[in-house]
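What follows is one structure encoded as structure tokens, with my remarks underneath.
The values are calculated or read from the model by the stated rules, or taken from the named source; none is laboratory data. Small disclaimer: the values here were computed from a predicted structure and weren't measured. Methodologically, a virtual Cβ is constructed for each residue, glycine included, from the backbone with ideal geometry; neighbour enumeration extends over all protein chains shown.
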There are 2 protein chains.
Amino acid sequence: VTMIVETLAVGTELLLGQIVNTNAADIGERLAEAGMTHLHQTVVGDNLGRMVDAITLAISRSDALIITGGIGPTADDVTREAICAATGRTMAYSDEYAEDLRVRWERRGREMPASNLRQAEYPEGGELIANPKGSAPGVFLDHEDTMIFALPGVPAEMLPMIDTEVLPRLRAGVGDQGALVSRVIRTFGESESAVGELLSDIFEGSTNPTVAFLASSSEIKIRLTAHAVDEQAARALIAPVEAIVVERLGHRIFGYDEDTIERGLATRLLERGWTIGTAESATAGSISNRLTSQPGSSAWFRGGVVAYHEDIKVGLLGVSPLTIDEFGVVSEPVAIEMAVGARVTLGVDVAVSVTGSAGPDPLGQEVGTMIIGVATPDDARARTARWPGDRERIRTYTTTAALHMVRLAMDGVWWERS
Amino acid sequence: VTMIVETLAVGTELLLGQIVNTNAADIGERLAEAGMTHLHQTVVGDNLGRMVDAITLAISRSDALIITGGIGPTADDVTREAICAATGRTMAYSDEYAEDLRVRWERRGREMPASNLRQAEYPEGGELIANPKGSAPGVFLDHEDTMIFALPGVPAEMLPMIDTEVLPRLRAGVGDQGALVSRVIRTFGESESAVGELLSDIFEGSTNPTVAFLASSSEIKIRLTAHAVDEQAARALIAPVEAIVVERLGHRIFGYDEDTIERGLATRLLERGWTIGTAESATAGSISNRLTSQPGSSAWFRGGVVAYHEDIKVGLLGVSPLTIDEFGVVSEPVAIEMAVGARVTLGVDVAVSVTGSAGPDPLGQEVGTMIIGVATPDDARARTARWPGDRERIRTYTTTAALHMVRLAMDGVWWERS
């Protein structure tokens, strides 16, 4: 049971390339997760005639149409008019909403511009739908065999309305009054295919929950999506499958849903009362940057040394010139001495180091070779990784791997890339 | 003289929201600049029937159609077939291109999969067009009153083909054999409205060159676009206007066209034979990161200290605890001592420092207060800036401002935000 849904984004600025249509992708992702079929996605400018044509075409071929943009108070916002014209309806007016709007402006002590009252209009037979994050309400119209939604173009207002107003109506439209629940399990350190193989037998033929593997920069997410009469029942379908996934993937998992590696690490540092510092060569501050992207990081992050030149590794981190001579600057012994030195120089409990070659100069190693060191009060070790891709990508991978390695080392687990 | 152009992106992954359709925005921007009229932009999946419908509709209403995606060698790449079906043409085959392809694979010592030969196909009456950045050629077909282009979906391959293959044919289509040339002047340190005011009289009513102001993260670009019989003539139209802009904006300009602040700074450091180092608190490695994003940065970047905690500022950079007590840690005297200390600790010619409050902890200053210090062999100064926005945005602004301030200080100019 699915619905053919299409999306129509309205806005001349999209056609001029002044903004990118991220709304289409965000809506597409949610539709896919809800099991809906998204076959067409169109953009037209703020032009009544072309909007009417696009809506008419959508009505002829789709079960639902989601329009974004063109519902504000200004003269070029003509989505409401276009829906009326395409469906042969007159414009209705919500006295109730108009009164609400007046009261809201009064409370702010300001007089409402008359143009705002356009937001009380909707196609006859339809209804206004709530916009919890903004002032312009959306519009819903069930026209013959097509549901038509008009939502604001601003993503922060539009996306919540997809979840609260659009998807429930689409699901009801296919006779489904149930709930759809997703759980994301976030892993690092394996390829998508390796994760897939570890879990393949669980998901063979599994339709509820469904599973999706999502690779994003350097992590693999496993998304379980279940569908049931209510949220509790959907969670009950996910729980046993999640338990198996967690058992199989073990320490490869760094978090769930909106967790990030850095947030997980921050929590662990706070719990243990530890401080952390960095000694970065090839990543040149990326690890410090990621760590301090967490508000409140000054509670556990003390600082770092960006040791790009050999002199800095020796002078500030106490790396021995003999070690560099014997093993080369991109080597596990140097990474270990950098991390051990950083613990002392920065006065921290745990330190993480990186030495590597992000290119173009190979520094005696293949370009893309990155060595991560971690020193705790008990131990210090290093791991070598080779990443594909350009400079920027190699840095991102290495930074994520370094944070992952610290998190594991704090639990006494020393990460091995399989 | 313009053409009605529409774009059609092919790819189920776009409808599923797995990737965002940046191609549409990039093509839209170039079309606008070339004076073409972009009225519709559509996405369909890798489905022959829906592609044929979309192409048929485009032929009925547009002078040109640019299709991206679906021209690779795999079975779901059916753009060529869809064009044939929509225009009632048979498929032709380029023996010449097929031979080229065979030779290329032979040179790599590998046998070519037979499926690759599909790339030698094109709709009868059309032609293959060159793809300088990839192996799949594009397709061009002049069908009755509509020009049809099929390009790869990969942006790095597609965009150069817009400039070299598509735009010249579109301009020829409106009887324009002339050239369109753009020059971008890149500035930092002023708001878009301030730059606009400084230049308003120049551009009042100017249609050739036209001017566009583009604000992107923390810089303002001024784009001059001229149109003339050939490239030289177009450049001659731009030159006098550019000269006035350069005179008015002076040191606010850090580069032209594809220049970045960091690249300009790198050139200056190399010319002068100077090394640079950083002392970062609130930006926590962002400046080191941006500097070392330049290949070859090890020639002039030695390293940095991420001095998040006060102890590190004092211990590694030699900031006086008395200065911190007297002025607070987020203060110009501390920024200056950090920069001066970094010159010594890191053994560099010029050092740049940042101390500030990116929130949530105000550290005795309003959140968003960022102080940048620069120390050269001759002088050391600091500047205070207050940026709006979230943590991430404040960091980006501050990093850009810091690089800008170093570049100016090397010329003996001390930046003041107006």
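Quick look at the values:
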quantity: Helices (runs of 4 or more DSSP H) within the range B:42-111 that include 2 or more residues surrounded by fewer than 16 Cβ atoms within 10 Å (Cβ to Cβ); calculated: B:48-61, B:95-107
quantity: Positions within the range A:126-178 being polar (S, T, N, Q) and either surrounded by fewer than 16 Cβ atoms within 10 Å (Cβ to Cβ) or modelled with pLDDT under 95 (or both), in sequence order; calculated: A:Asn131, A:Ser135, A:Thr164, A:Gln177
quantity: Lone unmet requirement of (1) within 30 Å of A:Gly178 (Cβ to Cβ); (2) within 7 Å of chain B (Cβ to nearest Cβ); (3) out of contact with any Gly (no Cβ under 7 Å at 6 or more places or on another chain); (4) surrounded by 18 or more Cβ atoms within 10 Å (Cβ to Cβ) for A:Thr22; calculated: (4)
quantity: Residue ID - nearest to B:Trp387 (Cα to Cα), chosen from residues in the range B:214-252 that are in contact with a strand residue (DSSP E or B) (Cβ under 6 Å, 6 or more places away or on another chain) and either at pLDDT below 80 or surrounded by fewer than 15 Cβ atoms within 10 Å (Cβ to Cβ) (or both); calculated: B:Leu214
quantity: Top-ranked residue in the range A:339-350 [being within 12 Å of another protein chain (Cβ to nearest Cβ) and not β-branched (Val, Ile, Thr); ranked as surrounded by the fewest Cβ atoms within 10 Å (Cβ to Cβ)]; calculated: A:Gly347
quantity: Residue satisfying all of: in the range A:313-328; surrounded by fewer than 17 Cβ atoms within 10 Å (Cβ to Cβ) and charged (D, E, K, R); farthest from the other protein chains (Cβ to nearest Cβ) among these; calculated: A:Glu326
quantity: Counted residues, the range B:360-393 - those being of a type in the set (Asp, Glu) and away from every other protein chain (no Cβ under 13 Å); calculated: 3
quantity: The range B:379-397 residues that are farther than 13 Å from B:Glu366 by Cβ and in contact (Cβ under 8 Å) with a residue 12 or more places away in the chain, paired with ones that are charged (D, E, K, R) and not in a loop (DSSP other than H, G, I, E, B) (beta carbon under 9 Å, 6 or more apart); calculated: B:Ala380/B:Glu337; B:Ala380/B:Arg343; B:Arg381/B:Glu332; B:Ala382/B:Glu332; B:Arg383/B:Glu332
quantity: B:Ala282 being within 12 Å of chain A (Cβ to nearest Cβ) and of a type in the set (A, V, I, L, M, F, W, C); calculated: yes
quantity: The range A:253-275, residues that are of a type in the set (Ser, Thr, Tyr), modelled with pLDDT under 95 and farther than 20 Å from A:Ala212 by Cα; calculated: A:Thr267
quantity: Number of the exception - A:Thr68 against (1) under 30 Å from A:Gln232 (Cα atoms); (2) modelled with pLDDT of 90 or more; calculated: (1)
quantity: Failed item, numbered, when A:Asp46 is tested on (1) more than 7 Å from chain B (Cβ to nearest Cβ); (2) out of contact with any Gly (no Cβ under 7 Å at 6 or more places or on another chain); calculated: (2)
quantity: Unique residue being among the polar types (S, T, N, Q) and away from chain B (no Cβ under 14 Å) when the list is A:Ser357, A:Ser331; calculated: A:Ser331
quantity: Tabulated pairs, the range A:401-412, first farther than 17 Å from A:Arg186 by Cα, second buried (at least 22 other Cβ atoms within 10 Å of the Cβ), C-beta under 7 angstrom, 6+ apart or interchain; calculated: A:Ala409/A:Val374; A:Met410/A:Val350
quantity: Subset tally (residues that are surrounded by 19 or more Cβ atoms within 10 Å (Cβ to Cβ), over 20 Å from B:Ile394 (Cα atoms) and either facing chain B (nearest Cβ under 7 Å) or not hydrophobic (A, V, I, L, M, F, W, C) (or both)) for the range A:286-312; calculated: 8
quantity: Subset tally (residues that are aromatic (Phe, Trp, Tyr) and touching an Asp or Glu at 6+ places or on another chain (Cβ under 7 Å)) for the range B:194-245; calculated: 1
quantity: Filter result (touching a Ser or Thr at 6+ places or on another chain (Cβ under 7 Å) and without any contact (Cβ under 8 Å) to a residue 40 or more places away in the chain) within the range B:290-306; calculated: B:Trp300, B:Phe301, B:Val306
quantity: Sole exception among (1) within 14 Å of chain A (Cβ to nearest Cβ); (2) within 20 Å of B:Ile202 (Cβ to Cβ); (3) out of contact with any Lys or Arg (no Cβ under 7 Å at 6 or more places or on another chain) for B:Lys221, by number; calculated: (3)
quantity: Long-range neighbours under 6 Å by Cβ, at least six apart or interchain, first residue touching a residue at least 24 places away in the same chain (Cβ under 8 Å) within the range A:129-148, second polar (S, T, N, Q); calculated: A:Ala136/A:Gln119; A:Pro137/A:Asn131; A:Gly138/A:Asn131; A:His143/A:Thr87
quantity: Residues that are loosely packed, with under 15 Cβ neighbours inside 10 Å and at negative phi, drawn from the range A:268-282; calculated: A:Leu270, A:Glu271, A:Arg272
quantity: Qualifying residue in the range A:74-82 (condition: within 21 Å of A:His143 (Cβ to Cβ), acidic (Asp, Glu) and modelled with pLDDT under 95); calculated: yes
